Amino acid sequence: MGLFKIAFIGGGNMGRAIATAIIKNNLAAPQDVCISDVCQQRLETLQDELGVHISTNNVEAVNGMDVVVLAVKPQTLDAVMAEMTGKLPRPALLFSIVAGKKIEALAGGFSHQAVVRAMPNTPAQIGKGITVWTATQDVMPAQRLNAEAIVQVMGRGIYTGYEAYLDFATAVSGSGPAYTFLFMEEMVKAAESIGIPEELAKILVIQTVLGSAEYAKVTNKGLPDLRSDVTSPGGTTAAAINVFEENNFGGLIQKAVEAAYQRAKELSNV
């Protein structure tokens, strides 16, 4: 017996990940989950894997549900809202993970006031994500508890009363895994260029990033101090750090995050 009945509009990677985590953590029983998507093959795969109900009809999928997770691409949101205006069950919580779409647009588009807007990231697929979220004043205490439970099965959650922080989070934690993977990808290539076999290079890079992140999490030291601890004057690490600094590595990161933030704001106004 789960805590609530839940529908997903969108069965892509994040919708699938959240549904899997919800069922695994007994927040909802499989028979109390319905996933709606335009791709019949994807739906059939989800049904086989999770034992959930499936539908290609969004209105039918949300009928009688306590929570509706909106997990579609920003480009398709307008069509979904046009179809679903006034069709959500009145007691339901709308839980949106659509990048860049403001609560005002969601509440107006669905004619529904109980809205949570969340920005998770892809490690949520293994319960190691970070989700920044906010909610309207119309979200009731029981609905808020449901939202918190969903956030927690994805990893760590941070609530904010300022919706603008979600655009900040989109540029940092939402897009951040891609930045990290790019850095790791280039590290592997660099390792190969000095003679390390690809598979060994990949193991070295992944474990280094994993261990560094875990160490940063548990230590009381700041990130500059942690970097300094590894960087002996005149040593190998110092030689590498000098190359980063000479080529304005910090400035490049700054520009990248600012570009992602500006795009997030643009999506908010689409």
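Any aspartates and glutamates with Cα under 16 Å of the Lys202 Cα? List them, leaving off those in the same chain fewer than 8 positions away.
Within the straight-line cut-off, Lys202 pairs with Glu185, Glu186, Glu192.
Which FRET efficiency, nearest 0.05, do Ser232 and Leu145 yield, Cβ-Cβ r, R0 41 Å? Each step should come with its number before you reach the end.
Values: r = 50 Å, r/R0 = 1.23.
So, using R0 = 41 Å, E works out to roughly 0.20.
Find which of Ala191, Gln254, Gly64 sits farthest along the positive direction of the dipole of the chain, computed with +1 on the beta-carbon of Lys and Arg, -1 on that of Asp and Glu, about the Cα centre.
Positive-most Cα among the choices belongs to Gly64.
Whole number please: convex hull volume per residue, Cα atoms of the range 141-243, in Å³. Spell out each step's value before the answer.
Values: hull volume 15.8 nm³, N = 103.
Residue-normalised Cα hull volume stands at 153 Å³.
Roll a 1.4 Å probe over the protein chains and send me the accessible area per residue for the chain in Å². Working shown, then result.
Numbers: 15310 Å² over 270 residues.
Per residue, the chain has 57 Å² of solvent-accessible surface.
Using the Cα centre of the chain as the reference point, and only Cβ charges (+1 on K/R, -1 on D/E), how large is the resulting charge dipole? Debye, rounded to the nearest 20.
On the way: 21 positive and 26 negative charges, 102 e Å.
That gives a dipole near 500 debye.
Short version: ³J(HN,Hα) in whole Hz for each residue of the range 185-200, in order, from phi by Karplus 6.51 cos²θ - 1.76 cosθ + 1.60 (θ = phi - 60°), x for Gly and Pro, what are they?
Coupling constants for the range 185-200: 4, 6, 5, 4, 4, 5, 4, 5, 5, 9, x, 8, x, 4, 5, 5 Hz.
Given Lys102/Lys221; Lys24/Lys189; Lys24/Lys73; Lys24/Lys255, which pairs have Cα atoms separated by over 31 Å? Spell out each step's value before the answer.
Details: Lys102/Lys221 36 Å; Lys24/Lys189 37 Å; Lys24/Lys73 25 Å; Lys24/Lys255 39 Å.
Pairs exceeding the cut-off: Lys102/Lys221; Lys24/Lys189; Lys24/Lys255.
Quick check: at a probe of 1.4 Å, how many percent of the accessible area of the chain sits on carbon and sulfur atoms?
Details: 8560 of 15310 Å².
Here carbon and sulfur together make up 56 percent of the probe-accessible area.
Can you list, largest first and rounded to whole Å, the semi-axes you get for the range 1-112 by taking the square root of 5 times each eigenvalue of its Cα gyration tensor?
Working: eigenvalues 89, 46, 31 Å².
Semi-axes from the Cα gyration tensor: 21, 15, 12 Å.
Put +1 on the Cβ of every Lys and Arg and -1 on every Asp and Glu Cβ in the range 1-83; which of Ile54, Leu77, Ile22 then has its Cα farthest towards the positive end of the dipole?
Going by the charge dipole, the pick is Ile22.
Can you pull the percent of Cα pairs in the range 188-264 with separation above 14 Å? Don't jump to the answer; show the numbers that get you there.
Details: 2205 of 2926 pairs.
When all Cα pairs of the range 188-264 are counted, 75 percent exceed 14 Å.
Using the Karplus equation 6.51 cos²θ - 1.76 cosθ + 1.60 (θ = phi - 60°), what ³J(HN,Hα) coupling, rounded to whole Hz, does each residue of the range 156-162 give in order, writing x for Gly and Pro?
Rounded to whole hertz, the list is 9, x, 10, 8, 9, x, 10.
Tabulate in residue order the Karplus-calculated ³J(HN,Hα) for the range 130-137, using 6.51 cos²θ - 1.76 cosθ + 1.60 with θ = phi - 60°, rounded to whole Hz; enter x for Gly and Pro.
10, 10, 9, 9, 8, 8, 6, 5
Would you calculate the convex hull of the Cα atoms in the chain and tell me its volume per residue in Å³? Show your work: numbers first, answer last.
Values: hull volume 41.3 nm³, N = 270.
Output value, Cα hull per residue: 153 Å³.
Excluding residues fewer than 8 places away in the same chain, name every one of the aspartates and glutamates whose C-alpha is closer than 20 Å to that of Lys128.
Glu148, Glu214
Scan around Leu93 for amide H atoms under 5 Å from its own, H built in the peptide plane at 1.01 Å from N, and keep only partners 5 or more places away or cross-chain.
Close amide H contacts, sequence-distant or interchain: Val67, Val68.
The values are calculated or read from the model by the stated rules, or taken from the named source; none is laboratory data. This is a predicted model, so every value here is computed, not measured. FYI the Cβ positions are ideal-geometry reconstructions off the backbone, even for glycines, and counts take in every protein chain you see. We work out accessible area using only protein heavy atoms, side chains counted, and drop any ligands, DNA or RNA first. Shrake-Rupley method; radii C 1.70, N 1.55, O 1.52, S 1.80 Å.
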